[in-house]
Amino acid sequence: MREYPPGTPCWVDLSTCEPAAAVAFYSGLFGWEPSTAPGGGEASYTFFAPAGTAPQKFPGRVVAGLMPTPEPERPAAWNTYVSVTDIDATAALVTEAGGHVIVPPLDVASQGRMAMFADDQEAVFAAWQPGAFPGCGLVNEPGCFCWSELACHDTGAAARFYRRVFGWEAETSQMGPMTYTEWRLGGRAVGGMVHMDEDWPEGVAPRWVVYFAVTDCDVAAALAADLGGQVAVPPVDAPPGRLAVIADPQGAAFTTIKLATDPAGG
């Protein structure tokens with residue numbers, strides 16, 4: 001991937017106060033090779049690339065990032081970034097739509113500009129205005145980002161919010177025994193949404209969930225447990241493929257999926 005159309009999720013990174021432990025877990029699970037951004041030090045941003053691909057030598061093949069956080073009380077979490085043309089305008093739209101700004105727009109050297117927000121149900125997401133760095137160099141392959149999904153209580157409110165901010169249209173259809181909403185932009189699916197009903201564990205807040213493709217969901221779930229993670233939802237078959245929900249040792253949740261079809265065709 002060399003570019004992402006505006007309104008398309010383009011990058012994912014992990015916020016955690018235990019970066020060394022997180023690097024060990026994800027390197028063991030996905031075979032990622034880590035590389036810290038120039039500057040060094042414990043607070044440096046880390047890029048991940050597939051096994052055998054050094055991120056510093058092949059920046060166009062990076063698949064995810066890690067952002068150290070100094071606050072131990074802040075829960076570890078995976079963040080979804082949406083590509084935008086004007087991040088200041090996006091921040092204004094978020095506020096107008098009822099959300100709020102967590103991290104105001106800031107420059108990331110010559111790479112681009114980023115900001116973090118919460119929507120009107122407090123689900124956290126981010127935006128990226130690309131400069132030299134467009135986002136994930138590889139997607140949809142094993143060990144790579146392949147989907148982002150909003151889980152929330154009020155899907156109608158979410159549809160209004162994200163239409164206002166990104167121009168997304170919410171298209172809901174039956175998927176097996178449940179309904180599922182796809183976010184569409186220009187007729188193309190760019191993400192998903194699920195309704196958090198009474199079957200969801202009490203106390204789970206609305207959130208954006210990151211999906212990573214794997215070659216074998218059962219093997220990935222077992223390996224995550226061996227590495228100290230928790231399998232919150234054991235492997236299960238669904239129309240898109242076989243998936244499992246996992247929390248890493250610091251509690252950051254994500255989903256692994258063995259895709260039923262090749263997503264490259266859209």
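Before moving on, here are some points about what is shown:
- Within segment 118-266: Cβ-based charge dipole about Cα centre, in debye rounded to nearest 20 (Lys, Arg +1; Asp, Glu -1): 520 debye
- Rounded percent of accessible protein surface that carbon and sulfur make up, segment 97-172, 1.4 Å probe: 52 percent
- Label-to-label distance, nm, for residues given as E18 and H153 (7 Å Cα→Cβ offset): 3.0 nm
- Placing +1 on each Lys and Arg Cβ and -1 on each Asp and Glu Cβ, with no other charges, gives the chain a dipole about its Cα centre of roughly 760 debye.
- Using R0 = 30 Å, the C-beta based FRET efficiency linking L227 and A260 works out to 0.70.
- Considering helices alone, the calculated mean residue ellipticity of the chain at 222 nm is -5000 deg cm²/dmol, with DSSP H runs of length four and up weighted by -39500 (n - 2.57) and normalised per residue.
- Global form of the chain, assessed from the alpha-carbon gyration tensor, a/c cut-off 1.5: rounded
- Relative contact order, percent, the chain [alpha-carbon distance under 8 Å, six or more residues apart]: 18 percent
- Added length on full extension, which subtracts the Cα-Cα distance from 0.36 nm per residue, R160 to R188: 8.3 nm
- The packing ranking, built from the mean of other Cβ atoms within 10 Å per residue, places the peptides 188-201, 76-89 in the order 76-89, 188-201, highest first.
- Furthest towards positive pole of dipole, P235, T181, A132, structure part segment 123-266, Cβ charges: A132
- Accessible area expressed per residue, the chain, with surrounding protein chains retained (probe 1.4 Å, Å²): 46 Å²
- Put a dot 7 Å past the Cα of S44, heading toward its Cβ, do the same for E71, and the two dots end up 2.6 nm apart.
- Counted over the chain, the DSSP beta bridges are approximately 80% antiparallel.
- Segments 105-116, 130-141 sorted - mean Cβ within 10 Å per residue, highest first: 130-141, 105-116
- Per-atom-type breakdown for segment 217-266 gives carbon and sulfur 58% of the accessible area (1.4 Å probe, protein chains only).
- Inter-label distance, nm, simple model (7 Å from Cα along the C-beta direction), A247/D88: 4.1 nm
- At an R0 of 45 angstrom, the distance between the Cβ atoms of T95 and N140 translates into a FRET efficiency of 0.85.
The values are calculated or read from the model by the stated rules, or taken from the named source; none is laboratory data. The shown structure was predicted, so the numbers you read here are calculated from the model rather than taken from an experiment. Here the Cβ is made from the backbone with ideal geometry for all residues, glycine too, and neighbour counts use every protein chain on show. Accessible surface areas use protein heavy atoms only, side chains included; no ligands, DNA or RNA. Shrake-Rupley method; radii C 1.70, N 1.55, O 1.52, S 1.80 Å.
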